[in-house]
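Asker: What follows is a structure written as structure tokens; I'll ask about it next.
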Amino acid sequence: MATPALRFKRRGLSPQQRRDLRSGLLFAAPAILGLLIFVAYPVLASIYFSFTSYSILQPPFWTGWENYQTLLFDDPLFYTTLYNTFYIAIFTIPLSVIVAMGLAMLLNVKVRGQSIYRTIFYLPTIVPFVASSVLWLWIFNPQYGILNTLLWYIGIQGPGWISDPSWAKPSLIIMNLWGVGSWMVIYLAGLQDTPQELYEAAELDGATAWQKTIYLTLPFMSPYILFSVILMLIGIFQYFTQVFVMTNGGPADATRVYAMYLYQNAFTYFKMGYASAMAWLMFVMVVLLTFVIFRTSARRVYYGGQ
Amino acid sequence: MQEQSRKPLSRRTFLKTLSTAIGGTAFLPLLAACQGTPPPGGGAQAPSGGPTATVLRAEAGAVEPTPAPRQAAAGRSTVIEVWYPYGGADAPLYEEYWKAFEDENPDIGVNAVYAANDLSTNAKLFTAIAGGKPPDVTWVDGPQVAEWAARGALEALDDRIAAAGIKPEDYWSPSWNQTVYEGKVWSLTYGSDPNFGFFWNKDVFVDAGLDPEKPPKTVEEMDEYDTIIAKVDGNRIERLGFIPWTVYGAANSLFTWGWCFGGEFYEPDSRKITANHPNVVKALEWMTAYAKKHDPTKISGFQAGFGSGTQHPFFQGKTAMAPFGPWELSALKRYAPNLQYGIDFLPTGPDGAPPKSSWVGGWTVGIPKGSRNLDAAFEFVRWISTSDTATMIAGKTFNQFPGYRNSPYYNEVQNNPQLKAFYDILVETKHQRPVMPAQAFYTGELARAVDAAIFGQKTPKEALDEATVNTQKELDRILREGIS
């Protein structure tokens, strides 16, 4: 005889519930232990190390706030790397959203071969970062690369791209735009979630495609855009592999991004404590920025799709 | 009705057993939860193996396949683990070493494992040492010895070296000097690279109207030759005489030309960094002048089409003059067999700089701290550095000049004109890179200074002043925090 609807107020858990709880915890134990050992412990350890000078080979040497003070007040390279990272973020994020949204809207149109096009535009995201970095090194080559050759055909003398300090960051941004496939897929899902009746109603009222986009598509897509912007922000702060493979921070510090400098301090210069401090500063910055983004967008994001 | 002896498995029993079993597997190594979907162009993934030293740009061919670990011969009473840094095409050649050592030492087996060392760091080794499971023998690049010794990564070898009867005079003096720090010896030099022999492409000289048998003897002559040889077609560089900052990376380039111009980089007695020594500044100004002559972005682009080593523009006939080490002789034979070239001393620097400038590079072999087979490990270190067999392999298979002066290889060298040219350079060598614990940092700062100067972002003096100040701060900090 089942009595699911009536819930008697009890103290604590019934033996049944206790047994279920124990089974559940045992099932979840591997994941919990993995999280504690491999994620929580290193994270907490790195907070500790950020207050020390630690070369890995010798025990940590307590230095208090010195790492943070040096970073904020005595290290010009810190601000250079922050500038580089922010520069890449400021351009990559809006451009990625626009390009991904545009692609998603195009791929939402019912044409023949729609699924083939969708696959093709998604393919760049499954190319491993190292392979695509090497590939783009050649595309960007000023003398023999495809990019400058194509420009030459239409009469433009291409710049040095990744070898030129003023073009290195824009080159990276272009390379990032090539990989918007995963956001495009998410936006596509979102587009298909928007109620079609509203579009039809808008057409009856004589709305142009542009008006439909601004007043219908974007509001419905706003939660997806918010989600992708925040994730992109977190990701760009950790931007590392492409720089490591392609430029190692050069030319002339143009692509020395935050994570690159962190890696150098940690593994090349034996300054693990300093690098840990950098990591925590980055965490604080990302949290602040995320908070700001949430606050400023609260009124603009419309969660009506559900 | 008889009771069934076995009840059917109830759901509760099944769940209990399964959860206990899975809970028990919690102690198996698990991979950490993934970091979420990496967004395009932003995910932080671990870098693959084979990073390069700090150069202006990564080379397309730099990521080499990782060689598989090599197992010791069976039935040896002691097995040592040796970590070596050569991947790619060279790795299988090392089998000659392991086999020769095992033949001469029937009770010791060698497990050889590849561990990348990009001349700045060897993360795999340090993790192993910190984790208490280091290999028994490791390769250590010359300038890294002081840094690793200061950090407690190496075992001091003085007693064993004395017991083996090895004396400092047995080695080329800069090669010996780089293994001594704070009065103790931390490794034995395996290779002494005379850096550099000045190579010039005789065919290009002829094509440009220069006498192929007369290389430039001074830096001023080299500048003239470069102007004559350079061929720039509108915005595309076809050929250059010479690119000063491509001598195995920006930092090594500055070392080479800094010493050539009579500069010094470090004062060991006062522990002062002297990157802004007036002659070093002059050298960087000279390098920058080349950049201004041909436009650094264009050169960077021109360079970016090639790699170093086998894809070096010199091999392709795109530059006519280049300083190279002796290991390039076999590379030239393999990849540019028809290239006619000559070898000479580096041109003399201006304003009375000492002629025949060169410095010694090369690897050393040491024992990481915590090794459990010290005797066998030292036997290997001694063997590879001083034995006739090993030094002959170094010379004949790898074109590597042994650090050990008494090697029979040096008799052979006299008969080969190209090797003899390098031998003469080695005999005259006086410099080695600074022996102090902030070496990796210093190299990074020098590379940044060269970059900044070449791209016109700072004047050479400003750039080198900054490098000096930063490195001095770092060195002082390390010394202040104490050395074990």
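Asker: Mind checking which residues of region A:41-66 are buried (at least 17 other Cβ atoms within 10 Å of the Cβ), within 11 Å of chain B (Cβ to nearest Cβ) and either in a helix (DSSP H, G or I) or out of contact with any strand residue (DSSP E or B) (no Cβ under 8 Å at 6 or more places or on another chain) (or both)?
Answerer: A:SER55, A:ILE56, A:LEU57, A:GLN58, A:GLU66
Asker: Still on this model: So which residues in region B:343-380 are assigned to a strand (DSSP E or B) and within 18 Å of the chain's Cα centre (by Cα), if there are any at all?
Answerer: Of everything in region B:343-380, those that are assigned to a strand (DSSP E or B) and within 18 Å of the chain's Cα centre (by Cα) turn out to be B:TRP359, B:VAL360, B:GLY361, B:TRP363, B:THR364, B:VAL365, B:GLY366.
Asker: Somewhere in region A:82-100, is a residue touching a Phe, Trp or Tyr at 6+ places or on another chain (Cβ under 8 Å) and not in a helix (DSSP H, G or I)?
Answerer: No, the conditions are met nowhere in region A:82-100.
Asker: For region B:439-466, how many residues are more than 12 Å from chain A (Cβ to nearest Cβ) and either assigned to a helix (DSSP H, G or I) or within 25 Å of the chain's Cα centre (by Cα) (or both)?
Answerer: Result for region B:439-466: 6.
Asker: Pairs, please: C-beta under 6 Å, at least 6 apart or cross-chain, first residue at negative phi and without any contact (Cβ under 8 Å) to a residue 24 or more places away in the chain and in region A:179-201, second hydrophobic (A, V, I, L, M, F, W, C) and surrounded by 12 or more Cβ atoms within 10 Å (Cβ to Cβ)?
Answerer: Matching pairs, first to second residue: A:LEU198/A:LEU216.
Asker: Just one of B:ILE478, B:ILE454, B:ILE425 is over 26 Å from A:ASN248 (Cβ atoms), of a type in the set (Val, Ile, Thr) and out of contact with any Leu (no Cβ under 7 Å at 6 or more places or on another chain); which is it? Can you show your working first?
Answerer: On the way: B:ILE478 fails: over 26 Å from A:ASN248 (Cβ atoms); B:ILE454 fails: over 26 Å from A:ASN248 (Cβ atoms).
B:ILE425 is the lone residue from the list that is over 26 Å from A:ASN248 (Cβ atoms), of a type in the set (Val, Ile, Thr) and out of contact with any Leu (no Cβ under 7 Å at 6 or more places or on another chain).
Asker: Also: Condition check: surrounded by 21 or more Cβ atoms within 10 Å (Cβ to Cβ) and out of contact with any Leu (no Cβ under 6 Å at 6 or more places or on another chain). Does B:GLY234 satisfy that?
Answerer: No; evaluated as a whole, the condition is false for this residue.
Asker: Have a look at B:VAL206, B:VAL185 and point out the one that is hydrophobic (A, V, I, L, M, F, W, C) and surrounded by 21 or more Cβ atoms within 10 Å (Cβ to Cβ). Quick ask: steps written out before the conclusion?
Answerer: Details: B:VAL206 fails: surrounded by 21 or more Cβ atoms within 10 Å (Cβ to Cβ).
Going through B:VAL206, B:VAL185 in turn, the sole match is B:VAL185.
Asker: Would it be correct to say that B:PHE302 is more than 27 Å from B:GLN439 (Cα to Cα) and outside any helix (DSSP H, G or I)?
Answerer: no
Asker: Now for a different question. Restricting to helices (runs of 4 or more DSSP H) lying wholly in region B:92-166: which have 2 or more residues that are under 20 Å from B:TRP383 (Cβ atoms)?
Answerer: In region B:92-166, the matching helices (runs of 4 or more DSSP H) lie at B:95-104, B:158-163.
Asker: Is it the case that some residue within region A:132-144 is in contact with a Pro (Cβ under 8 Å, 6 or more places away or on another chain), of a type in the set (Val, Ile, Thr) and facing another protein chain (nearest Cβ under 9 Å)? So that I can check it myself, show each step before the final result.
Answerer: Let us first name the residues in region A:132-144 that are in contact with a Pro (Cβ under 8 Å, 6 or more places away or on another chain), namely A:132, A:142.
Okay, now just the ones that are also of a type in the set (Val, Ile, Thr), so none.
No, that holds for no residue.
Asker: Now for a different question. Can you confirm whether B:ALA463 is of a type in the set (Gly, Ala, Ser) and crowded, with 24+ Cβ neighbours inside 10 Å?
Answerer: In short, yes.
Asker: Further, regarding this structure: Any idea which of (1) surrounded by 18 or more Cβ atoms within 10 Å (Cβ to Cβ); (2) touching a residue at least 24 places away in the same chain (Cβ under 8 Å) is the one B:TYR409 doesn't satisfy?
Answerer: Every listed condition holds for B:TYR409 apart from (2).
Asker: Still on this structure, I have one more. Pairs please, first residue from region B:195-215 and on the phi < 0 side of the Ramachandran plot and in contact (Cβ under 8 Å) with a residue 40 or more places away in the chain, second anywhere and among the charged types (D, E, K, R) and crowded, with 23+ Cβ neighbours inside 10 Å, Cβ atoms under 9 Å, 6+ apart in sequence or on different chains.
Answerer: B:GLY197/B:GLU328; B:PHE199/B:GLU328
Asker: Every residue in region B:300-326 that is closer than 25 Å to B:ALA394 by Cβ, in contact with a helix residue (DSSP H, G or I) (Cβ under 7 Å, 6 or more places away or on another chain) and modelled with pLDDT of 70 or more, please.
Answerer: B:PHE315, B:PRO323, B:PRO326
The values are calculated or read from the model by the stated rules, or taken from the named source; none is laboratory data. Everything numeric here is computed off the predicted structure, so don't read it as measured data. Quick reminder, even Gly has a Cβ in these numbers, built from the backbone with ideal geometry, and neighbours come from all protein chains shown.
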